[in-house]
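Just below is one structure, and these are the notes that go with it.
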Amino acid sequence: MHLNDREKAMLDGAEGPARQRAMDLLVRYGSALGAERLIAVTNVAGTWSSTTPWVQADLDAPDDFDTIFSRFNLDSDDTVETPQAVVSTCQLIHGIDTRNHALQGFSREKAELQRKSEEFFGRRGVQWASTCTPYQVGNVPVKGEHLAWMESSAVVYANAVLGARTNVEGRESTGAASITGLIPDFGLHITENRLATHRVRVEATPETMMDWGLLGYAVGEMVMDDIPLLSGAIPQPRPMHLKHFGAAAASSGGVEMYHIPGVTAEASSEEEALGGRAPREERVYDAAARRRAFEHINAQASNRSVDFVMLGCPHNSIEQMWQIATLLDGRKISPDVALWVHTPRQIRTLCDDCGYTAVIERAGGHVMSDSCPAINRATPPGTNVIATDSCKQAHYLPAITGKQTWFGSLDHCIDAAMTGRWNGDL
Ligand code: F3S
């Protein structure tokens, strides 16, 4: 890999031991991928906190944050002092909602540990967005900007909708990128790798949130980690539609980039999306494909007695929170069901001010932030059967929690919260 003089000096330790280890990590990582050089990034989104269960399980001293940073963010066996970030850096989702730690089954001590880690890394430049949707709370990169982001649903949104450039990075590479401002130049940083490889003709027009999720889930299964171009009569989406589409496509497949000509950032026509080439494969998304996706997601569920409804994956926008508050206003959920609605902490503050939090709580629900059951493995005590409006959450929860999980529309989920029964269908 070619390094410039400053990069070579960093690798030799001229800018301290942490940056030396970060450069060593980036060079090993880039070489393994065949990258010829490093490129500058201006925006990093990763994770620094120590309260996810798998990090906690591997720690002797849970508040030794330099050791946590060295081991988990720099892949270093020896402990080095954590330096300042050199580019804009934010925390994605993490382990505990400090406001609702008791509901999630975490002790006051664990919540305190979370706060201490926020203080420690905050002083070193990490911004506590604490959400899988940093683009919903002010971190909105522009077209062409090179990033180092973790979290598949955020990456596909940044690439496709915003036209920024990032691969799906890991905790280690984002840690190294935050203190060097560098990442290996490969994959979606390179223009020709962003062109569509597959064309999917959309005949079952997506209209609702559930439709966009199902379309994403089906397209992910069709193309896996290749790049789809959606063609056909596609109505004007809202940001939340594309958020659900991308999260679903990144879950059932590994989609990190897609094109909807005239809608997404990098193609105004099919020719532009394909770069003048013919697609490698042509696929069709029709009513049968829509039904197959719905049945596939729900194949692991059979018990219709729902006791936990999870909304907000990826984290809800303020518009979605308003919709939920509207549906719950003046109603009460079943005493046998728990309802958790997830949104970024910044949007929860907005919900507090708008009165949405109070409406949801009066109905018997809770507004949660900072994490989700797929990340912190927390579900209400006694949970056996889950319902969610998210393809992504329904895809992962059965394996992570061992609980049956139904997927359906927001209306299906609110009905399940009211009745304790799953009546969802297409
Ligand atoms: Fe976010 Fe958790 Fe879903 S991280 S995208 S709410 S699985």
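Every read-out reported here was derived from the displayed coordinates using simple, explicitly stated rules and does not represent laboratory data. None of the values given here were measured: they were computed from a predicted structure. Cβ placement follows ideal geometry from the backbone for every residue including glycine, while neighbour counts extend to all protein chains displayed.
Looking at the calculated P(r) for the range 135-265, what percent of the C-alpha pair distances fall above 20 Å? Provide the component values of the computation, followed by the final result.
Numbers: 3388 of 8515 pairs.
Every Cα pair in the range 135-265 considered, those over 20 Å come to 40 percent.
Taking only the C-alpha atoms, wrap a convex hull around the range 72-123 and report its volume per residue in Å³ as a whole number.
Values: hull volume 6.0 nm³, N = 52.
Convex hull of Cα atoms, per residue: 116 Å³.
A convex hull fitted to the Cα coordinates of the range 111-151 yields 96 cubic angstrom per residue.
The Stokes-Einstein estimate for the range 309-370, based on a Kirkwood radius over Cα pairs and taken at 20 °C with 1.002 mPa s viscosity, is a diffusion coefficient of 191 µm²/s. Computed from backbone phi, the HN-Hα couplings of the range 26-36 come to 5, 5, 4, 5, x, 5, 4, 8, x, 6, 8 Hz, rounded to whole numbers (Karplus: 6.51 cos²θ - 1.76 cosθ + 1.60, θ = phi - 60°; Gly and Pro given as x). Projecting the Cα atoms of ALA233, SER173, TRP128 onto the charge dipole of the range 107-263, computed from C-beta unit charges around the Cα centre, puts TRP128 farthest toward the positive end. With 5 Å bins beginning at zero, the pair-distance distribution over Cα atoms of the range 215-305 amounts to 3, 13, 22, 25, 20, 9, 4, 3, 1, 1, 0 %.
The range 149-205: D in µm²/s via Stokes-Einstein (Kirkwood Rh, Cα pairs, 10 °C, 1.306 mPa s)? Could you put the intermediate results ahead of the total?
Working: Rh = 12.9 Å.
It diffuses with D of about 123 µm²/s by this estimate.
Once backbone amide H atoms are built at 1.01 Å from N, GLY254 has MET224, ASP225, ASP226 as its partners under 5 Å, excluding neighbours fewer than 5 places away on the same chain. The phi torsions of the range 215-227, fed into the Karplus equation with coefficients 6.51, -1.76 and 1.60 and a -60° offset, translate into couplings of 4, x, 5, 5, 5, x, 5, 6, 10, 6, 9, 8, 10 Hz, rounded to whole numbers, with Gly and Pro shown as x. Of all aspartates and glutamates in the structure, those lying under 12 Å Cα to Cα from LYS110, and not within fewer than 8 positions of it along the same chain, are ASP63, ASP97.
Expressed as a fraction of 2.2 N^0.38 Å, the value expected for a compact globular protein of N residues, the C-alpha radius of gyration of the range 289-343 is 1.38.
In plain terms, if you count all Cα to Cα distances in the range 62-158 and split them into 5 Å steps from zero, the share in each step is 3, 11, 18, 21, 20, 16, 8, 2, 0 percent. Projecting the Cα atoms of PHE65, SER76, VAL44 onto the dipole axis of the range 1-128, where Lys and Arg carry +1 and Asp and Glu carry -1 at the beta carbon, places VAL44 farthest toward the positive end.
What fraction of the Cα pairs in the range 1-75, stated in percent, has a spacing above 17 angstrom?
Values: 1522 of 2775 pairs.
So the pairs more than 17 Å apart make up 55 percent of the total in the range 1-75.
When the Debye formula is applied to the Cα atoms of the chain, each taken as the same point scatterer, what base-10 log of I(q)/I(0) results at q = 0.06, 0.10, 0.13 Å⁻¹? At q = 0.06, 0.10, 0.13 Å⁻¹ the computed log10 ratios are -0.25, -0.70, -1.15.
Report the antiparallel proportion of the DSSP beta bridges in the chain as a percent, rounded to a multiple of 5. Around 10 percent antiparallel, to the nearest 5. With the simple spin-label model, which puts each label point 7 Å out from Cα in the Cβ direction, the ARG304 to ARG362 separation comes to 3.2 nm.
The range 281-426: percent of C-alpha pairs farther apart than 17 Å? Before the final figure, lay out the partial values.
On the way: 6194 of 10585 pairs.
Value for the range 281-426 (Cα pairs over 17 Å): 59 percent.
Under 5 Å from the amide H of HIS101 lies no amide H of any residue 5 or more positions distant or on a separate chain, with H modelled from the backbone and absent for Pro and chain starts.
Given the -39500 (n - 2.57) contribution per DSSP H run of 4+ residues, what per-residue ellipticity at 222 nm results for the chain, rounded to the nearest 500 deg cm²/dmol? Mind showing how you got there, number by number?
On the way: 17 runs with 161 residues, N = 426.
Rounded to the nearest 500, the figure is -11000 deg cm²/dmol.
Dipole magnitude of the range 242-335 about its Cα centre, charges +1 at Lys/Arg Cβ and -1 at Asp/Glu Cβ only, in debye to the nearest 20? Each step should come with its number before you reach the end.
Numbers: 10 positive and 12 negative charges, 108 e Å.
In debye, rounded to 20, the range 242-335 gives about 520.
Bridgeable lysines around LYS403 (alpha carbons under 19 Å apart, same-chain partners fewer than 8 residues away excluded): LYS392. The peptide list 157-163, 74-80, put in order of mean Cβ contacts within 10 Å with the highest first, becomes 157-163, 74-80. With both labels modelled 7 Å from their Cα along Cα-to-Cβ, the ARG115 to ARG37 distance reads 4.8 nm. Taking the square roots of 5 times each eigenvalue of the Cα gyration tensor of the range 189-252, largest first, gives ellipsoid semi-axes of 19, 13, 12 Å.
Charges were assigned to the Cβ only: +1 to each Lys and Arg, -1 to each Asp and Glu. The resulting dipole of the range 53-129 about its Cα centre is roughly 480 debye.
How big is the shadow of the Cα convex hull of the range 253-361, averaged over all directions, in nm²?
Answer in nm², one decimal: 10.6.
Among ARG277, ARG165, ARG304, which one moves the most in a GNM of the chain with springs linking Cα atoms closer than 10 Å? In this elastic network of the chain, the residue with the biggest mean-square fluctuation among ARG277, ARG165, ARG304 is ARG277. Note on the chain: with charges restricted to the Cβ of Lys and Arg (+1) and Asp and Glu (-1), its dipole about the Cα centre is near 680 debye. The phi-based Karplus calculation (6.51 cos²θ - 1.76 cosθ + 1.60; θ = phi - 60°) puts the 3J(HN,Hα) values of the range 113-119 at 4, 4, 5, 5, 5, 5, 5 Hz, whole numbers, x for Gly and Pro.
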